[in-house]
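The values are calculated or read from the model by the stated rules, or taken from the named source; none is laboratory data. Note that this is a predicted model, so its numbers are computed, not measured. Here the Cβ positions follow ideal geometry from the backbone for every residue, glycine too, while neighbour counts run over all protein chains shown.
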Amino acid sequence: MNNPFVLLVDDEVGFVEAITRRLVKRDLNVISAFSGREALESLRINKNLDVVVLDVKMPGMDGIDTLKEIKKKFPLVEVVMLTAHATVETAIEGMKRGAFDYLMKPCDIDQLVSKVNEAAAKKSRHEEKIREARIKEIASRHG
């Protein structure tokens, strides 16, 4: 598997810049967005994104609303939620809505990289199953 292609979404510019540098040093391909709307636009443009690292608390469209839209429009993309405002309810809400996992800010960078890699591997397995199903479908039509 190639290095995961990650979209980091957080309204705190300094945080995004710092985490982006640290993820790139660990061989991840990273782009960033500073709002939910910007994140959805990035996903529309970059069809090969694997994982979204998404802050829960953002002005305007918050992380849960952004997660709902991502799962509706880009169902195979995995989402790791981040929050500084630790509420178990939000974590549970995110998981119910399809988030891959949940980390507290400030998160350990190695733990974040590990979650991103696990999420990217899950997406890759889903894509492989879809390819296999399509091949079987085509093969069955052509006897």
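Table for the structure above
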item	result
Ser114 being among the hydroxyl-bearing types (Ser, Thr, Tyr) and within 22 Å of Val13 (Cβ to Cβ)	no
Among residues of the range 1-33, those that are of a type outside the set (A, V, I, L, M), within 18 Å of Met104 (Cα to Cα) and buried (at least 21 other Cβ atoms within 10 Å of the Cβ), counted	1
Failed item, numbered, when Ile70 is tested on (1) touching a helix residue (DSSP H, G or I) at 6+ places or on another chain (Cβ under 8 Å); (2) without any contact (Cβ under 8 Å) to a residue 24 or more places away in the chain	(2)
Pairs with Cβ under 8 Å, 6+ apart, first in the range 27-54 and farther than 15 Å from Lys68 by Cα, second modelled with pLDDT of 95 or more and of a type in the set (Ser, Thr, Tyr)	Val30/Thr20; Ile31/Ser42; Ser32/Thr20; Ala33/Ser42; Leu49/Ser42; Asp50/Ser124
Hits in the range 78-122 (condition: in contact (Cβ under 8 Å) with a residue 60 or more places away in the chain and of a type in the set (A, V, I, L, M))	Leu82, Ile109, Leu112, Val113, Val116, Ala119, Ala120, Ala121
Complete set of residues in the range 94-134 that are modelled with pLDDT of 95 or more, touching a strand residue (DSSP E or B) at 6+ places or on another chain (Cβ under 7 Å) and part of a helix (DSSP H, G or I)	Gln111, Leu112, Lys115, Val116, Ala119, Ala120, Lys122, Lys123
Number of the exception - Ala86 against (1) modelled with pLDDT under 95; (2) assigned to a helix (DSSP H, G or I)	(2)
Members of the range 106-131 found to be acidic (Asp, Glu) and farther than 15 Å from Val79 by Cα, listed by number	Asp108, Asp110, Glu127, Glu128
Complete set of residues in the range 3-60 that are more than 17 Å from Lys123 (Cα to Cα), among the β-branched types (Val, Ile, Thr) and assigned to a strand (DSSP E or B)	Val9, Ile31
